[in-house]
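Chemist: This is the structure, below, for whatever I ask next.
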Amino acid sequence: MSSAKIPALRVLRTRSYATASRSSLGALSAAARARAEQLSSQWKGTSATGGNTKNFIGGQFIESKASDWIDVVDPATQTVLTRVPETTSAEFDEAVATASAAFQTWKRSSVLTRQRFIFELQYLLRKHGDAIANSIVLEQGKTFADAQGDLLRGLQVVETASGIPTALLGNHIEVSKDMDTSARRLPLGVCASIAPFNFPAMIPLWTIPMAIATGNTLILKPSERDPGAAMIIAELCQRAGLPEGVLSIVHGTVPTVNAICDSSIIKAISFVGGDRAGKHIYERGRKTGKRVQANLGAKNHAVLMPDANRNHALNSLLGAAFGAAGQRCMAISVAVLVGNAQSWLPELVERAKKLHLNQGFEKGADLGPVISQAAKKRIEGLIASAEEQGGKIILDGRGIEVPGYPDGNWVGPTVIQATTDMRCYREEIFGPVLIVVTADTLDDALAIVNANPYGNGTAIFTQSGATARKFENEVEVGQIGINVPIPVPLPMFSWSGNKASFLGDIPFYGRNGIDFYTQNKTTTSLWKAEDAIGNKASVDMPTHH
Ligand code: NAD
């Protein structure tokens, strides 16, 4: 890719292979090291012991000829686990060419062939779930249980995609005497998926089964920060019988993303990530006529009513604010305490103090490190900004040390009392930081939630059906939880984040996922019944008159 295409949007963490110097595995615990060695020896595309992550093109795990490589660093120890290539133009073109060639046969594969692939894939994902979770703990920093949850939420999309024969049933009606119109759902062609770091298994699995079961071929670009889960999933797709070229994986950062946006062969892009990249990809992809769905950032509010079940509300809030170190797009990052619920704040803080930070394989770990040193610095900067703007830091997670992991990107649970004009409220922090604001009434709480530009998720805790109904009716956010802190719909539904949290027209998975990856084709045909030839053979000598 020519460097002229690279916009000055982000400083890349690209470094040459030769300058990477932190790849000693010595800093890993014995448990982590054993898992890292297992990953490197058992899987073709990924390494956790300092080798290179491969591209997956034409059914082969291929070592890139890239000159730029990006370190993938264990956030608990700074150990370089692997490096991902900035895929070269030639390699990218090869991936597109093989995906395009594979589409010619895959689009004509029977829907039962595709369903069988989905069945096999779900079996293999379950069987090898621990390997995927191990890779996530090492590269992303989640706790092992949370990493298993990451995979499980993706598996549910795979399982739902097994209903593809029913989902693709077409329509047919006789529109006039002897004239029929039928509508079929056909695949688009080569599609692309660009994933974020925070769900390295779930988000690739939002798109792989949906795109492929509908007859498309897919090029996936995982996050350059944690590509391992996607590489294991690719190998499992291959073992499940997926023909070569139907799924490809190319790695990289902005240049690779721009090549996807500019390709005249790629028909659709699914993006999940931050606002800046998402807006850029949406606009650039649309310029070449692509269908684009883009899930972006969030600021999710939980409204605690004074009549709520206090224990359930506080535990839910803590889990949703601090689980995965706050690095979930559906994390609750703002608590709105209404009326007397404001008196629960000291208890909230006491409970938050009991959460344990640790490396993800360690027993009792509730949350792990944040993804990078840069993320830690950014989060700490936003905490400091609250102090500067008059916010009150009730629990400060800065400067926390975790025994045995002196170099981890640790930020402990942080609770800040703030107002909605402060930076810490307005910006997505994407770390274990809960902003607390207060409201006198439900109407005041609704006004706060609705004034926020984002619309990914929100929750209310109350024992009153009437209060819940009013909230549900009046809140403008797309995914609502009533006594449920992270209301991500299961994949028989579709993702429904809205406002500034989504760009595009057709959301991810569920019924909408089928719509996103297909186009309708209608045929109208006239076969007059009166033209039917008789069904008894004539035995007379033909005379042609
Ligand atoms: P990110 O935007 O930095 O990266 C996402 C993808 O875009 C990566 O593959 C990356 O290589 C690429 N990318 C990054 N910067 C780019 C640029 N300038 N130009 C082109 N491509 C670029 O996001 P992240 O840090 O990996 O993930 C965290 C963000 O994702 C948060 O904002 C979170 O809210 C959001 N997210 C949203 C959802 C959702 O469903 N709404 C789900 C998960 C994460």
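Every number in this text was worked out from the coordinates using simple rules, so none of it is lab data. All values reported here derive from a predicted model rather than from experimental measurement. Note that each Cβ is placed from the backbone with ideal geometry, even for glycine, and that neighbours are counted across all protein chains shown.
Chemist: Using +1 on the beta carbon of Lys and Arg, -1 on that of Asp and Glu, and nothing else charged, what's the dipole of the chain about the Cα centre, debye to 20?
Modeler: Numbers: 54 positive and 50 negative charges, 149 e Å.
So the magnitude is around 720 debye.
Chemist: Note down the net charge around Pro165, summing +1 for each Lys or Arg and -1 for each Asp or Glu among other residues with Cβ under 14 Å from its Cβ. Write down the numbers at each step before the final one.
Modeler: Numbers: positive: Arg114, Arg116, Arg184, Arg185; negative: none.
Once positives and negatives cancel, what remains is +4.
Chemist: Follow-up question, since we're still on this one. Using the Karplus equation 6.51 cos²θ - 1.76 cosθ + 1.60 (θ = phi - 60°), what ³J(HN,Hα) coupling, rounded to whole Hz, does each residue of the stretch 266-272 give in order, writing x for Gly and Pro?
Modeler: 6, 9, 8, 10, 9, 10, 9
Chemist: What are the lysines whose alpha-carbon lies under 21 Å from the alpha-carbon of Lys528, with same-chain residues fewer than 8 places away excluded?
Modeler: Those lysines meeting the cut-off are Lys177, Lys536.
Chemist: Please report, in debye to the nearest 20, how large the charge dipole of the stretch 458-545 is about its Cα centre when each Lys and Arg carries +1 at its beta carbon and each Asp and Glu carries -1 there. Intermediate values should be presented prior to the final figure.
Modeler: Numbers: 7 positive and 8 negative charges, 42 e Å.
Charge dipole of the stretch 458-545: 200 debye, to the nearest 20.
Chemist: Could you work out the helix-only [θ] at 222 nm for the chain, with each DSSP H run of four or more residues adding -39,500 (n - 2.57) and the total divided by the number of residues, to the nearest 500 deg cm²/dmol?
Modeler: Working: 17 runs with 197 residues, N = 545.
Estimated from H runs of four or more residues: -11000 deg cm²/dmol.
Chemist: Identify the trypsin sites (Lys or Arg not before Pro) of the stretch 166-248 meeting these criteria: DSSP loop state and at most 14 other C-beta atoms within 10 Å of the C-beta.
Modeler: Values: sites: Lys177, Arg184, Arg185, Arg225, Arg239; in loops: Lys177, Arg225.
Loop-located and lightly packed - Lys177.
Chemist: Considering only Thr98, Ala335, Ala213, whose Cα is most displaced toward the positive end of the charge dipole of the chain, charges sitting on Cβ of Lys, Arg (+1) and Asp, Glu (-1)?
Modeler: It is Thr98.
Chemist: Which Cα, out of Phe197, Pro222, Ala386, lies furthest along the positive dipole direction of the chain (beta carbon charges, K/R +1, D/E -1)?
Modeler: Selected residue: Pro222.
Chemist: For Asn300, what residues show an amide H to amide H distance below 5 Å, using hydrogens built from the backbone and excluding near sequence neighbours?
Modeler: Here Ser333, Val334 satisfy the definition.
Chemist: Tell me, what HN-Hα J-couplings in whole Hz come from the Karplus equation 6.51 cos²θ - 1.76 cosθ + 1.60 at θ = phi - 60° for each residue of the stretch 195-203, using x for Gly and Pro?
Modeler: Values, residue by residue: 10, x, 7, 7, 10, x, 9, 4, 6 Hz.
Chemist: Checking the a/c ratio against 1.5 first, then a/b against b/c, what shape does the Cα gyration tensor give for the chain? List each step's numbers first, then the result.
Modeler: Values: a/c = 2.21, a/b = 1.42, b/c = 1.56.
Here the chain falls in the oblate category.
Chemist: Could you work out the local net charge near Gln148, counting Lys and Arg as +1, Asp and Glu as -1, over the other residues with Cβ closer than 14 Å to its Cβ?
Modeler: Numbers: positive: Arg35, Arg126, Lys127, Lys142, Arg153; negative: Asp130, Asp146, Asp150.
In short, +2.
Chemist: Could you run the Karplus curve 6.51 cos²θ - 1.76 cosθ + 1.60 with θ = phi - 60° over the stretch 25-32 and give me ³J(HN,Hα) per residue in whole Hz, x for Gly and Pro?
Modeler: 7, x, 6, 6, 5, 4, 5, 5
Chemist: How much net charge surrounds Lys127 when only other residues with a Cβ under 11 Å from its Cβ are counted (Lys, Arg +1; Asp, Glu -1)? Display every interim value, and only then the final one.
Modeler: On the way: positive: Arg126, Arg239; negative: Glu120, Asp130.
Every neighbour counted, the sum reads 0.
Chemist: Another question about this same structure. Given H placed 1.01 Å from N in the peptide plane, which residues other than close sequence neighbours of Val175 have an amide H under 5 Å from its amide H?
Modeler: Those qualifying (amide H under 5 Å, at least 5 residues apart or on another chain) are Asp180, Thr181.
Chemist: Return the long-range amide H neighbours of Thr82 (sequence gap of 5 or more, or a different chain), with a cut-off of under 5 Å between placed amide H atoms.
Modeler: Answer set, sorted by chain and number: Gly50, Val72.
Chemist: Under the definition of Cα pairs under 8 Å and six or more residues apart, what whole-number percent is the relative contact order of the chain? Working shown, then result.
Modeler: Values: 1211 pairs, mean separation 86.4, N = 545.
Normalised by residue count, the contact order of the chain is 16 percent.
Chemist: Could you list Arg83, Arg35, Arg398 in order of exposure, starting from the residue whose Cβ has the fewest other Cβ atoms within 10 Å? It would help to have the intermediate numbers written out before the result.
Modeler: On the way: Arg83 26, Arg35 22, Arg398 14.
By the 10 Å Cβ count, ascending: Arg398, Arg35, Arg83.
Chemist: Among Ser538, Val84, Gln115, which residue has its Cα furthest toward the positive end of the charge dipole of the chain, with +1 on Lys/Arg Cβ and -1 on Asp/Glu Cβ?
Modeler: Ser538
Chemist: Tally the DSSP beta bridges in the chain and give the antiparallel ones as a percent, rounded to 5.
Modeler: Counting DSSP beta bridges with both partners in the chain, the antiparallel share is about 45 percent.
Chemist: How do Ser372, Ser109 rank when sorted from fewest to most other Cβ atoms within 10 Å of their own Cβ?
Modeler: Working: Ser372 17, Ser109 14.
Listing Ser372, Ser109 from fewest to most nearby Cβ atoms yields Ser109, Ser372.
Chemist: Specify the inter-centroid distance of the stretch 497-517 and the stretch 181-237, based on alpha-carbon positions, in whole Å.
Modeler: 15
Chemist: Once both axes come from the Cα atoms, what is the angle between helix 111-127 and the longest principal axis of the chain, in degrees from 0 to 90, rounded to 10?
Modeler: 30
Chemist: Moving on to the next point. Cα centroids of the stretch 24-80 and the stretch 396-441: how far apart, whole angstrom?
Modeler: The distance from the Cα centre of the stretch 24-80 to that of the stretch 396-441 comes to 31 Å.
Chemist: Arrange the following residues from fewest to most other Cβ atoms within 10 Å of their Cβ: Asp146, Asp307.
Modeler: Working: Asp146 22, Asp307 15.
Final ranking by Cβ density, sparse to dense: Asp307, Asp146.
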